[in-house]
Amino acid sequence: MGVEKGTRDSDIEREEDLDEEPGEVIESAPPLKVGEERELGNSGIKKKLLKRGLGWETPEFNDEVTVHYVGTLLDGTKFDSTRDRDSSVIMKLGQGEVVAGLDHGIITMKKGERALFTLPPELGFGVAGRDVVPTNSFVRYEVELVSWIKVVDVSKDGGIIKKIVEKGDKHERPGDLDEVLVKYQVALADGTIVAKTLEEGIEFYVKDGHLCPALPKATMTMKRGEKVKLVVQPQYAFGQEGKDASDAICPVPPNSTLYIDLELTSFKPVIDVTGDAKVFKKILKEGEGSLVANEGATVTISYTARLEDGTVFERKGIDDGQPLQFITDEEQVIAGLDQAVATMKKGEHAILTVKPEYGFGNIETKRDLAIVPPSSILVYEVEMLDFIKEKTPWEMNNQEKIKAAERKKEEGNLLFKSGKYLRAGKKYDKAASYVGEEEIFGDDEQKLVTAMRVTCWLNKAACSLKLNDFQGAIKLCSKVLGIEFYNIKALYRRAQALIQTTDLVSADMDIKKALEVDPQNREVKLIQKTLKQLQAESNKRDAKLYSNMFADMTKQTSAITKKLKVERADDDMKNVEPVAMEMENVADNSCPPDNGKAVDSC
């Protein structure tokens, strides 16, 4: 096909003049080449690419596009042109503001692209035609997509429409816990400005809301640096009541639609460290890379610690002071600081808010610079200066793994002896992970590492019993018994856990198996005695239960028997009732009352 009238040769780029831009592949079809024409799906619309656009993004229906176009008939007769008017037009895609087919073509275009669309009559002017466009005519539009504004229905009901004027950077958007810094200007339909932030903007926590319901909802859909225009219907603004004047806002009449220019300048991510809303970390400055300290890392931090009223009670690494160095998950600092620091990257700067449960609890505590009252909420401003992570098993050779497992097991033993069963259990888990079943050891090491695993599982089972995690203890002892069928400790501890879960039959089997191995084992004999007492009590309860059940059954049987007897008697009475009535009638007729005497006296 030759070059159509109205399209200059110079307007068509040569393939060798421009490097191929990355683009999306639609339905596996290759991108159009300049000068190539193709039908768009089965729409009947043909598109010929005249000039490639930039990037890969294309507009969608409901977006507002700015375009230049020239409309012609197939013979080149021009019937409409923004070029002749020397003014581009803004269209909302999907509304058919020019013709429906043009919208379907524009959603395939990139910014700066020029294309020639041939539209069938049903997607053009149809049977009606227009001016110089005859009825049922094919038409052509040469279109340049100058730019577009993405339009988003934030509330999914048309109540908050967001038009993206300037895209933000990165991909992160604020969450409901985060603190955002925004700038905005709020106007009514007549242009009256009712609210405006200062040049530096205003900060607020998304979950706390600000100004009107639409603002936090829209903010959560934005990226850093993004600028938007919001059209907010009354139900997401100030509703039927409107808003009285205050220091922050001028009066807003009832049922007013608001027009808001909004910019998300920045935001500070806030993380619920403990998952129960009792330790929050607000990131003031992102750290380096992606690695965080994690449990067992040796960390070096500087911080200032305050009460909620601003009283400073401790400083480390500030004003030439020595920073604090400690190992995470070793209870060397309060739990809230310990757990939050384990989530930090090198160079990260954050503010921690720690509830009493993860701080100093309900006791008064003397610190370097002040006394911390009971049940105080603490605020730490912390910078992670450096950390050294523990080596992971895959970073060690076999001898290092065995030594690390032995060290963690001993640390667990010390914690167990001091009654810190939860932390001791974690140490045993860590020790077992160094010599895990998936690790590969030599024949001369296998016996040693198997024994180490068994010891760690048994010790963790003992922790589980102390913590009333009986199912956990049963699972760990079963792992041991899968390797050592007659391990007395595993049988004994599993029996303890089974008794607590009232599985007395299984507990009895474990105890008998243990006594087969060591008939004189004192601990096993004691637990067997306890089991027999529990079985006797259980038997008594069962006997009483069955006795009550039999008594109830006897009562029910007696009641049923009586009921049957009554029903049978009633049936018998029904059978004799006509005769009796007849006899009564005879008696009435044959023996009239005798001056008030009873009938049966005759």
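The values are calculated or read from the model by the stated rules, or taken from the named source; none is laboratory data. Note that the coordinates shown come from a computational prediction; the quantities given were computed from them, not determined experimentally. Every residue, glycine among them, receives a Cβ derived from its backbone with ideal geometry; neighbour counts consider all protein chains shown. In case anyone asks, the SASA skips ligands and DNA or RNA and just uses the protein heavy atoms, side chains included. Shrake-Rupley method; radii C 1.70, N 1.55, O 1.52, S 1.80 Å.
Do you know which residues across segment 169-191 are open to solvent by 20 Å² or more (accessible area, probe 1.4 Å), in contact (Cβ under 8 Å) with a residue 24 or more places away in the chain and in a loop (DSSP other than H, G, I, E, B)?
LYS170, HIS171, GLU172, ARG173, GLY175, ASP176, LEU177, LEU188, ALA189
Has segment 404-413 got any residue that is among the hydrophobic types (A, V, I, L, M, F, W, C), part of a helix (DSSP H, G or I), surrounded by fewer than 15 Cβ atoms within 10 Å (Cβ to Cβ) and at pLDDT below 95?
No, every residue in segment 404-413 fails to be among the hydrophobic types (A, V, I, L, M, F, W, C), part of a helix (DSSP H, G or I), surrounded by fewer than 15 Cβ atoms within 10 Å (Cβ to Cβ) and at pLDDT below 95.
Do you know which residues across segment 458-499 are more than 23 Å from GLN520 (Cα to Cα), open to solvent by 60 Å² or more (accessible area, probe 1.4 Å) and not hydrophobic (A, V, I, L, M, F, W, C)?
LYS466, ASN468, ASP469, GLN471, LYS475, LYS479, GLY482
Scan (1) in contact (Cβ under 8 Å) with a residue 12 or more places away in the chain; (2) open to solvent by 60 Å² or more (accessible area, probe 1.4 Å) for the single condition LEU526 breaks and write down its number.
Looking at each condition in turn, LEU526 falls short on (1).
With GLU179, GLU203, GLU166, GLU172 as the choices, which residue is farther than 30 Å from LEU49 by Cα, at pLDDT below 95 and not small (Gly, Ala, Ser)?
Only one candidate passes the filter, namely GLU172.
If you check VAL152 against the conditions, is it in contact with a Leu (Cβ under 7 Å, 6 or more places away or on another chain) and either in a strand (DSSP E or B) or of a type in the set (D, E, K, R) (or both)?
No.
Residue check, GLU57 against (1) within 29 Å of LYS163 (Cα to Cα); (2) at pLDDT 85 or above; (3) loosely packed, with under 14 Cβ neighbours inside 10 Å; (4) of a type in the set (Asp, Glu), all met but one. Which one?
In the conditions (1) within 29 Å of LYS163 (Cα to Cα); (2) at pLDDT 85 or above; (3) loosely packed, with under 14 Cβ neighbours inside 10 Å; (4) of a type in the set (Asp, Glu), GLU57 misses (3) alone.
Determine which member of the set LYS51, LYS47 is surrounded by fewer than 16 Cβ atoms within 10 Å (Cβ to Cβ), within 30 Å of VAL165 (Cβ to Cβ), at pLDDT 95 or above and not acidic (Asp, Glu).
LYS51
Right, LEU385: closer than 23 Å to ALA293 by Cα, open to solvent by less than 40 Å² (accessible area, probe 1.4 Å) and not aromatic (Phe, Trp, Tyr) or not?
no
Going by the conditions given, is GLY158 in a loop (DSSP other than H, G, I, E, B), under 29 Å from PRO253 (Cα atoms) and in contact (Cβ under 8 Å) with a residue 24 or more places away in the chain?
yes
Inside segment 349-373, can you point out the residues that are part of a loop (DSSP other than H, G, I, E, B), in contact (Cβ under 8 Å) with a residue 40 or more places away in the chain and either in contact with a His (Cβ under 9 Å, 6 or more places away or on another chain) or over 17 Å from ASP272 (Cβ atoms) (or both)?
Answer for segment 349-373, where residues must be part of a loop (DSSP other than H, G, I, E, B), in contact (Cβ under 8 Å) with a residue 40 or more places away in the chain and either in contact with a His (Cβ under 9 Å, 6 or more places away or on another chain) or over 17 Å from ASP272 (Cβ atoms) (or both): ARG367, ASP368, LEU369, ALA370, PRO373.
I need a count of the residues in segment 427-454 that are out of contact with any Cys (no Cβ under 6 Å at 6 or more places or on another chain), closer than 16 Å to PHE416 by Cα and open to solvent by less than 50 Å² (accessible area, probe 1.4 Å).
So the count comes out to 1.
Taking segment 18-44, which residues are part of a loop (DSSP other than H, G, I, E, B), among the acidic types (Asp, Glu) and either at pLDDT 70 or above or open to solvent by less than 90 Å² (accessible area, probe 1.4 Å) (or both)?
If the condition is that a residue be part of a loop (DSSP other than H, G, I, E, B), among the acidic types (Asp, Glu) and either at pLDDT 70 or above or open to solvent by less than 90 Å² (accessible area, probe 1.4 Å) (or both), then GLU21, GLU36 are the ones that fit.
Kindly evaluate GLU142 against the criterion of being more than 30 Å from GLY239 (Cβ to Cβ), of a type outside the set (S, T, N, Q) and touching a Gly at 6+ places or on another chain (Cβ under 9 Å).
yes
Check off (1) more than 21 Å from GLU286 (Cα to Cα); (2) surrounded by fewer than 17 Cβ atoms within 10 Å (Cβ to Cβ) for PRO269 and give me the number that stays unchecked.
Looking at each condition in turn, PRO269 falls short on (1).
Please find, within segment 311-321, the residue that is most open to solvent (accessible area, probe 1.4 Å) out of those that are out of contact with any Ser or Thr (no Cβ under 7 Å at 6 or more places or on another chain) and within 16 Å of ARG367 (Cα to Cα).
Checked segment 311-321; the qualifying residue most open to solvent (accessible area, probe 1.4 Å) is THR311.
Check off (1) surrounded by fewer than 20 Cβ atoms within 10 Å (Cβ to Cβ); (2) touching a Ser or Thr at 6+ places or on another chain (Cβ under 7 Å); (3) among the small types (Gly, Ala, Ser) for GLY239 and give me the number that stays unchecked.
Every condition holds for GLY239 apart from (2).
So, of the residues in segment 192-236 that are aliphatic (A, V, I, L, M) and out of contact with any strand residue (DSSP E or B) (no Cβ under 8 Å at 6 or more places or on another chain), which turns out to be most open to solvent (accessible area, probe 1.4 Å)?
Ranking the qualifying residues of segment 192-236, first place goes to LEU198.
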